[in-house]
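Scroll down for the structure; my scribbles are underneath it.
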Amino acid sequence: MARRLQLQLLTWDVKDTLLRLRHPVGEEYAAKARAHGLEVEAAALGQAFGRAYRAQSHSFPSYGLSRGLTSRQWWLDVVLQTFHQAGVRDAQAVAPIADQLYEDFSSSRTWQVLEGAEATLRGCRKRGLRLAVVSNFDRRLEDILAGLGLQEHFDFVLTSEAAGWPKPDPRIFHEALRLAQVEPAVAAHIGDSYQCDYKGARAVGMHSFLVAGPEPLDPAVKDSVPEEHILPSLSHLLPALDCLEGSPPGL
């Protein structure tokens, strides 16, 4: 008779898995600009932010760690580029806005815990599972989690800035497994990104669950992920773990 799988470690994505911003980025940027006497449309800022963030991530991965940047300078540059692309060419006028935004996004007040997150984390701990964070975030994450009362649930927090590699790079998952001193076969990762979270963890031999959220999944993604690995909400995780642990290892 095949023995049952017994998980030991759950690693967690954070943004849009456990936490989300209280307000969209464009709205936050527009409000801060307005407070400094600049009127810029939130929609334009939101679109520009997406472009600036992707370009900065491509040119200076892991918050510029390997290029001599601090994560603070990395983010200040993103803000400057965002406003520039939204039509504000005066970098001197944007500089104090960038400083304020960096501080605001460092604060737990800018973030909110997603429904079911705390109860699910507590339920996982009651089962004797160890929990850790594996997130494409910078050094501010631990303070944010502490401010929201979530840090106490985790054995450790591993950010892409600290590791030097962003998900889905297998090295960040391997580092988490090394820190926890467990094999991938007894670990599972939970996140909302098909590429970064689900596929990234599966590539190193971990189990994985995809948090689908309220929006319909891309049909190609839905066809690629077994139904039992898809979580419509975090409250579905504990039953999904029961199902997984009831299967022989390797399934």
Per-region count, segment 194-218, residues of a type outside the set (D, E, K, R) and under 15 Å from Pro184 (Cβ atoms): 10
Near pairs, Cβ below 6 angstrom, 6+ apart or cross-chain, from segment 47-64 (more than 22 Å from Glu28 (Cβ to Cβ)) to any residue that is exposed (fewer than 15 other Cβ atoms within 10 Å of the Cβ) and among the aromatic types (Phe, Trp, Tyr): none
Conditions (1) part of a loop (DSSP other than H, G, I, E, B); (2) acidic (Asp, Glu); (3) under 23 Å from Ala201 (Cα atoms): number failed by Glu115: (3)
Qualifying position, being more than 28 Å from Leu7 (Cα to Cα), open to solvent by 50 Å² or more (accessible area, probe 1.4 Å) and in a helix (DSSP H, G or I), among Arg109, Arg125, Arg139: Arg109
Flag if Leu76 is open to solvent by less than 70 Å² (accessible area, probe 1.4 Å), outside any helix (DSSP H, G or I) and modelled with pLDDT of 95 or more: no
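Here is a yes/no grid of residues against (1) more than 21 Å from Ser235 (Cβ to Cβ); (2) assigned to a helix (DSSP H, G or I); (3) at pLDDT 95 or above; (4) among the acidic types (Asp, Glu):
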| position | (1), (2), (3), (4) |
| --- | --- |
| Leu121 | no, yes, yes, no |
| Val134 | yes, no, yes, no |
| Ala188 | no, no, yes, no |
| Gly200 | yes, yes, yes, no |
Conditions (1) under 19 Å from Leu5 (Cβ atoms); (2) modelled with pLDDT under 95; (3) of a type in the set (Val, Ile, Thr); number of the one not met by Val221: (1)
Subset of segment 178-221 [of a type in the set (Asp, Glu) and either open to solvent by 50 Å² or more (accessible area, probe 1.4 Å) or on the phi > 0 side of the Ramachandran plot (or both)]: Glu183, Asp192, Glu215, Asp218
Yes/no for Ser160 being open to solvent by less than 40 Å² (accessible area, probe 1.4 Å), at pLDDT 95 or above, farther than 29 Å from Glu41 by Cα and touching a Lys or Arg at 6+ places or on another chain (Cβ under 9 Å): yes
Selection from segment 18-35 of residues that are buried (at least 17 other Cβ atoms within 10 Å of the Cβ), without any contact (Cβ under 8 Å) to a residue 40 or more places away in the chain and within 18 Å of the chain's Cα centre (by Cα): Val25
Residue that is surrounded by the fewest Cβ atoms within 10 Å (Cβ to Cβ), among those in segment 222-240 that are part of a helix (DSSP H, G or I) and within 20 Å of the chain's Cα centre (by Cα): Ser235
The listed residue being hydrophobic (A, V, I, L, M, F, W, C), within 25 Å of Pro166 (Cα to Cα) and surrounded by 14 or more Cβ atoms within 10 Å (Cβ to Cβ), out of Leu38, Leu65: Leu65
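The values are calculated or read from the model by the stated rules, or taken from the named source; none is laboratory data. Computed from a predicted structure; not experimentally measured. Virtual Cβ from ideal backbone geometry, glycine too; neighbours counted across all protein chains shown. Areas reflect the complete protein model, heavy atoms only, side chains present, ligands, DNA and RNA absent. Shrake-Rupley method; radii C 1.70, N 1.55, O 1.52, S 1.80 Å.
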